[in-house]
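Novice: I am attaching a structure below and will ask some questions about it afterwards.
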């Protein structure tokens, strides 16, 4: 009788376990994602660093990794701006990501990502080390900390282009906004209308200026001199080795896996979770 009763109870116990697991995940999110902008949408920018053609190809591989991650999360990803590489890959790209806690999770990906592999672009197939920089900003529509004045802005319009430089819009709908006092600039060509691209570009610029201000305030309080970011050796957060062995290792948390294919296909949640717990 006891065995029969236990067997009958198993489905209910399994359902209860799943419910408790989901509840705990919600509690964890509340604990680790309680920052001011953690719930916001995000902008992620990828730039090829040291490594030439290989680095531009690496930046494109990372862009695909994050797009696949967004699919896994059920988030909507929109390419805002992209500059193609000279031969392959991308020099840079910015993606707008819409989803709950998008910024909270993706901020853990900020930094330089290092790839070691046999170069497909080298005639001798030599081992090549490449770097790409990942920058993440929250989408901010309004903030009292930053005031954008028209006199400080230079707004240029141009024709949006697609792959191979082909024009995808017959009007000058793409927008580039430069904040002249700081030299910061953003471009947007994802929307069909110039006005929509301008609004999105203004939001991106507002987020960049807020991050710059807060970074400078923090450095001033700590008496530190801020070092400019560059995608090269010595500022890495994660290493992806495809040769002579296969390993992805996060250098902040020491989380590692040999399943490089899964990681490059967007399976990066274990790295993000570990960094969230470490940094809070």
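Novice: I want to confirm something. Restricting to the range 139-153 and keeping residues that are modelled with pLDDT of 90 or more and exposed (fewer than 11 other Cβ atoms within 10 Å of the Cβ), which single residue is farthest from residue 205 (Cα to Cα)?
Specialist: Among residues in the range 139-153 that are modelled with pLDDT of 90 or more and exposed (fewer than 11 other Cβ atoms within 10 Å of the Cβ), the one farthest from residue 205 (Cα to Cα) is 151.
Novice: Going through 52, 85, 89 one at a time, which residue ends up being at pLDDT below 95, in the same structural domain as residue 132 (by TED's automatic domain parsing), touching a helix residue (DSSP H, G or I) at 6+ places or on another chain (Cβ under 9 Å) and closer than 30 Å to residue 174 by Cβ?
Specialist: Within the list 52, 85, 89, the selection yields 85.
Novice: Now for a separate question. What number of residues in the range 180-208 are outside any loop (DSSP other than H, G, I, E, B) and more than 23 Å from the chain's Cα centre (by Cα)?
Specialist: Qualifying residue count, the range 180-208: 2.
Novice: Find the residue count for the range 55-65, including only residues that are surrounded by 23 or more Cβ atoms within 10 Å (Cβ to Cβ) and in contact with a helix residue (DSSP H, G or I) (Cβ under 9 Å, 6 or more places away or on another chain).
Specialist: Count: 1.
Novice: Could I ask something else about it? Applying the selection to the range 85-102, what residues are over 20 Å from residue 264 (Cα atoms) and either in a strand (DSSP E or B) or under 11 Å from the mean Cα position of the chain (by Cα) (or both)?
Specialist: If the condition is that a residue be over 20 Å from residue 264 (Cα atoms) and either in a strand (DSSP E or B) or under 11 Å from the mean Cα position of the chain (by Cα) (or both), then 98 is the only one that fits.
Novice: Ok, one more. Give the residues of the range 80-100 that are closer than 28 Å to residue 274 by Cα and in contact with a strand residue (DSSP E or B) (Cβ under 9 Å, 6 or more places away or on another chain), sorted by residue number.
Specialist: 92, 93, 94, 95, 96, 97, 98, 99
The values are calculated or read from the model by the stated rules, or taken from the named source; none is laboratory data. A quick note: this is a predicted structure, and the numbers were derived from the prediction, not measured. Ideal geometry is used to build each Cβ from the backbone, glycine not excepted, and the neighbour counts take in all protein chains shown.
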